[in-house]
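Colleague: Dropping a structure here in structure tokens format, bear with me for questions.
Just so you know, all these numbers are worked out from the coordinates, no wet-lab data involved. Note that this is a predicted model, so its numbers are computed, not measured. Here the Cβ positions follow ideal geometry from the backbone for every residue, glycine too, while neighbour counts run over all protein chains shown.
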Amino acid sequence: MVKIGICLLMISLSAYAGDSMVRVSCEGDSLGAEVSINGKFKGECPLDIQIPAGMLNITASKVVSPGKIRSFQQQTRLGDDVVKRIDIVLGPVAWT
């Protein structure tokens with residue numbers, strides 16, 4: 001019975017192996033920007049999120065007034081079991 005429990009524990013731990021951490025950092029008027037990773041909304045900046053390794057398309061945007069938005073986009077590769085920091089710096093105002 002103990003061997004089965006240990007095997008199940010090892011299998012469940014291996015399911016989480018390879019996850020990495022993305023730390024999305026921002027300052028000033030970038031605070032509160034909406035962050036999406038690979039097209040899925042993840043929260044507002046600043047943000048720490050566990051995510052599987054691979055290619056990431058990170059976008060952030062913030063409405064500054066009706067019809068005007070500032071945004072950020074970066075594509076990066078995330079390795080296994082790492083912590084990667086992404087500093088969000090929103091670009092100039094654009095019309096939506």
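Colleague: Would you please name the residue that is surrounded by the fewest Cβ atoms within 10 Å (Cβ to Cβ), looking only at residues in the range 66-92 that are touching a helix residue (DSSP H, G or I) at 6+ places or on another chain (Cβ under 7 Å) and not in a strand (DSSP E or B)?
Modeller: Among those residues, the one meeting the criterion is Val89.
Colleague: Do you know which residues across the range 43-54 are in a strand (DSSP E or B) and in contact with a Gly (Cβ under 8 Å, 6 or more places away or on another chain)?
Modeller: Glu44, Ile49, Pro52
Colleague: Select from the range 55-70 the residues that are over 15 Å from Ile88 (Cα atoms) and either among the basic types (Lys, Arg) or in contact with a Gly (Cβ under 9 Å, 6 or more places away or on another chain) (or both) and list them in ascending order.
Modeller: Lys68
Colleague: I'm trying to understand the selection: among the residues of the range 26-42, which are closer than 22 Å to Arg77 by Cβ, surrounded by fewer than 14 Cβ atoms within 10 Å (Cβ to Cβ) and out of contact with any Gly (no Cβ under 9 Å at 6 or more places or on another chain)?
Modeller: Answer for the range 26-42, where residues must be closer than 22 Å to Arg77 by Cβ, surrounded by fewer than 14 Cβ atoms within 10 Å (Cβ to Cβ) and out of contact with any Gly (no Cβ under 9 Å at 6 or more places or on another chain): Gly39, Lys40, Phe41.
Colleague: For the subset of the range 52-65 comprising residues that are surrounded by fewer than 16 Cβ atoms within 10 Å (Cβ to Cβ) and of a type outside the set (Gly, Ala, Ser), which member is farthest from Gly39 (Cα to Cα)?
Modeller: Once the filter is applied, the top-ranked residue is Val64.
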